[in-house]
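Notes to accompany the following structure.
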Amino acid sequence: MSKTVCDENSSFKSQARYLVKSRDMNLWAQALVEDNEFRKQLIDQVVQTVSSETLDADDISMTVKAFMTADLPNELIKLLEKIVLDDNSVFSHHRNLQNLLILTAIKVDHTRVMEYINRLDNYDAPDIANIAINNELFEEAFAIFKKIDVNTSAVQVLIDHVKNLERAYEFAERCNDPAVWSLLGHAQLDANMVKEAIDSFITADDPTYYMDIVKVASKNNSWEDLVKFLQMARKKARETFIETELIYAYAKTNRLGDLEEFISGPNQANITQVADRCFDDKMFEPAKLLYNNLSNYDRLAITLVHLKENQAAIDGASKANSTTTWKEVSLSFDCIENM
């Protein structure tokens, strides 16, 4: 019985060698036809022959093509594993074969993909990663981008597809790439994680989204965090909007010393706008500093009345030398006394 059997094996091995060397697709089609009762034994010998004996790239190419034409993806995986996963194989670093192995696994056996992308190192990584994403293999795509140090694409997978900002933060900490911190900051801002977003943008040294950050931080009363962000942004971009909002944030956090120092030096802020906002918000101490800086004695006098600095208010009204101001100051006295 054993002599009859790895005789049959000898016969299949000879057939396998002949098929591989022939490169004849018609012969391959006949040998790999589904109703061939000996197809499995023949395939096993082809895999063995190709992996251990074949040194010609064209022989390999035609054998792979034959398996693909016969729609034998699982057998193709077995063949390709023998060819490219064996470090002793002359084709172990063959780019197209590595690509084909991973793509075939994506098609028929997702469980193998992670192993392949970690073990292999000469495939078209960005293209494979995007194909993995299209097949909802998000962890595999992340692993590919991480392996080739395309950090922005890696974190984008965690943000957009895995939808895990905590993992995205951990990844940002590990790679410490400013572009990654920026992407994370934007995602955190979209998720209304204001403090976390601001910290990310500060780490990235990126003021790009300053208008969005001011809007969201103001809405959430995150003034302390906004001060830190705008201080960074001002170093990168000396713009009127940034400097104006920084002064207002100083006022909201009662940092009157910082506010006074800021407006005493050169700046592009719209101080009048901030002074009026402070007055309307009943933040009279910062309003007093701002109106004084502007020498706007009309508004300063009214502000001083609200602070119950009556003599200073009268002095301010005198400097304004305006009948209207005197009337407003008098009315303000009356209103406050009657409150």
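Odds and ends about this structure:
- Segment 266-310, subset among the hydroxyl-bearing types (Ser, Thr, Tyr) and within 14 Å of ALA251 (Cα to Cα), residue surrounded by the most Cβ atoms within 10 Å (Cβ to Cβ): TYR291
- Qualifying residue in segment 188-207 (condition: out of contact with any strand residue (DSSP E or B) (no Cβ under 9 Å at 6 or more places or on another chain), outside any helix (DSSP H, G or I) and within 26 Å of THR111 (Cβ to Cβ)): no
- Cβ-Cβ under 8 Å pairs, at least 6 apart or on other chains, segment 283-300 side within 20 Å of ASP258 (Cα to Cα) and in a helix (DSSP H, G or I), far side open to solvent by 60 Å² or more (accessible area, probe 1.4 Å) and among the small types (Gly, Ala, Ser): ASN293/SER264
- One residue alone among SER61, SER51, SER10 is farther than 30 Å from PRO126 by Cα and small (Gly, Ala, Ser), and that residue is SER10.
- Pairs, first more than 14 Å from TYR18 (Cβ to Cβ) and hydroxyl-bearing (Ser, Thr, Tyr) in segment 50-66, second at pLDDT 85 or above and open to solvent by less than 10 Å² (accessible area, probe 1.4 Å), C-beta under 8 Å, six or more apart: SER51/LEU79; SER51/ILE83
- Wholly enclosed helices (runs of 4 or more DSSP H) of segment 22-129 bearing at least 1 residues of a type in the set (A, V, I, L, M, F, W, C) and open to solvent by 20 Å² or more (accessible area, probe 1.4 Å): 25-31, 57-69, 95-108, 113-119
- If you check ALA204, ALA217, ALA154, ALA197 for being at pLDDT 95 or above, closer than 30 Å to VAL113 by Cα and open to solvent by less than 70 Å² (accessible area, probe 1.4 Å), only one passes: ALA154.
The values are calculated or read from the model by the stated rules, or taken from the named source; none is laboratory data. Note that the structure is a prediction, hence the values are computed from the model and not measured. For neighbour counting, all protein chains shown are included, and Cβ atoms are generated from backbone atoms with ideal geometry for every residue, glycine included. Heads up: the accessible areas ignore ligands, DNA and RNA and are worked out on the full protein's heavy atoms, side chains in. Shrake-Rupley method; radii C 1.70, N 1.55, O 1.52, S 1.80 Å.
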